[in-house]
1. Roughly speaking, what is the stretch gain from R242 to R405, that is 0.36 nm per residue apart minus the C-alpha to C-alpha distance, in nm to one decimal?
2. Looking at the range 388-470, which GluC sites (Glu not before Pro) are in a loop (DSSP not H, G, I, E or B) and have at most 16 other Cβ atoms within 10 Å?
3. With a point put 7 Å past each Cα toward its Cβ, work out how far R275 is from A120 in nm, to one decimal.
4. Going by how many other Cβ atoms sit within 10 Å of their own, how do L420, L458 line up, fewest first?
5. Expressed in nm to one decimal, what extension gain is obtained for the pair D112 and Q296 from 0.36 nm per residue of sequence separation less their Cα-Cα distance?
6. How would the range 73-468 be classified by its alpha-carbon gyration tensor: rounded, prolate or oblate, with rounded meaning a/c under 1.5 and the a/b versus b/c comparison settling the rest?
7. Quick one: net charge of P85's neighbours, Cβ under 14 Å, K/R +1, D/E -1?
8. How many nm separate the modelled label positions at R144 and R424, each set 7 Å beyond the Cα in the direction of the Cβ?
Amino acid sequence: MKKRGASGGWGRGPQTPFPFSGPGIPPSPWHMKTKWGLGPTAPAAGGHFFFLRNLIFLGALSLAAPAAAAPTLADIVAGRTPATPGVAGLAVVVADAGGVLRAEAYGQAGFDPERPMQVATPARVASISKLVVAIAVMRLVEQRRLDLDSDVLRWLGQPLRAPGHGDVPITLRQLLSHRSGIEDGPGYRFALGSDLLAALTAQHWSGARPGSRFSYANLNYGIIATVMEAATGERFDRLMTRLVLAPLRLDAGYNWQGASDAAVAAAAVLYRKGRDETAWNPAGPWVAQVDDLGGQRPACPVASDNGCDLDGYRPGTNGTLFSPQGGLRISALGLATIGRLLLRGGEVDGVRLLRRASVAALLTPVWREGDGAAGETYHGQMRCYGAGLQCLSGSGSDTPVAGARWWGHLGEAYGLLAGLWIDREQGRVLVYAITGTADAPGKAPHVSAFNAVEEAVLGDLAATPLAARR
């Protein structure tokens, strides 16, 4: 997940609300008055009768006329709202404990040739991948292969220590919650043949005492994957299939490993209008960023400087290979299944994957802004974090929908904007995957630290009537 504001002018200063009527907000009385030729000044002498008649007429009209229709998801994709000049593809799902309530898709999964986006179309979901890693970690904790609060030296066979804090052990709970002192620094992916621990430099450490500060870093999850491999002797991608994806009957995988050929053929291409996040051209063509596969698997599913001999890889040496921080390919429907698993306390569709106590551990805050340990809030989007999941505060910058006290995770990379959110108060799951925007998504005015297009989509999903439930 790329840090917003890192490049391309996405800085997060104070934001202003939309200067127009939003969904469910009728036009202001001022607009109604000017439309009918009634300015804010008093009518001319002798015109009081006509002024009152017009007011009565307008009142009757407001009772008789239906409210202006809120923008639809189709409007958002087509660029007919100020939130975005257009979207490549969009898939959304709303579900509850019993199943899917709403599933819709718009736009294209690919433009050359054109393939329509579907709710079953798999896409690279960026940092939502971390949430699924956390579920797998908890499965290994239940099997007593891992422990959240032990020094990871126990599995790695060598110490992982922050410079200047050699007496402080680093634990899985700290890594899962981004409180280890690790930073992405010069990079968080290492090529085939590299040893992760040997590749760490002083620039990969923040200087903070482990456990004392929240600082979001992808590299934490590369280290977690390395610990998982060391504890089991099994390669990370295969572990994720065995522990989570296969039991839930999900056609998905990290860097496409474990996913079917049909899933690869159906892959959503991630797009931007422009070369990358530094060169937008809203009037130009869609430019593929990731997974323009032409129906074929990647020649090598991992970063490699010299060949692709995965048979020679020794598990427990470089868990970054299969992109645990962001490389999961899965559909919106698949994400909804994972959301329902957590909503239902570890069981979904007849499969008990986690104990209720394990789910409770995942849905317990480890860090909150202003609560003891310091932290940076990822431009206001992260003000509460657990052992692998974000927790939204219900008000303030991390709240795209008023009152949202949701658990889940954002995903953003290579043009994608996505989210998996569990709303325990309402008993529902909200999923969206936007596979590309026509302009820098941070440009349009937005109320929260989420982008305007995400606020618009989530507002629409959160308004799904409760009456739609079984």
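The numbers here are math on the coordinates, done by the rules we state, and not lab data. Just so it is clear, the structure is predicted and the values come from calculations on it, not from any experiment. Because the Cβ atoms are built from the backbone with ideal geometry, glycine has one as well, and the counts that use them run over all protein chains shown.
1. Values: separation 163, 0.36 × 163 = 58.68 nm, distance 3.15 nm.
Fully extending the segment from R242 to R405 adds 55.5 nm.
2. E425
3. Once both label points are built, they end up 4.0 nm from each other.
4. Listing L420, L458 from fewest to most nearby Cβ atoms yields L458, L420.
5. 64.8 nm
6. Working: a/c = 1.43, a/b = 1.28, b/c = 1.12.
Rounded, since a/c falls under 1.5.
7. Its environment carries a net charge of +2.
8. Those two pseudo-labels are separated by 2.8 nm.
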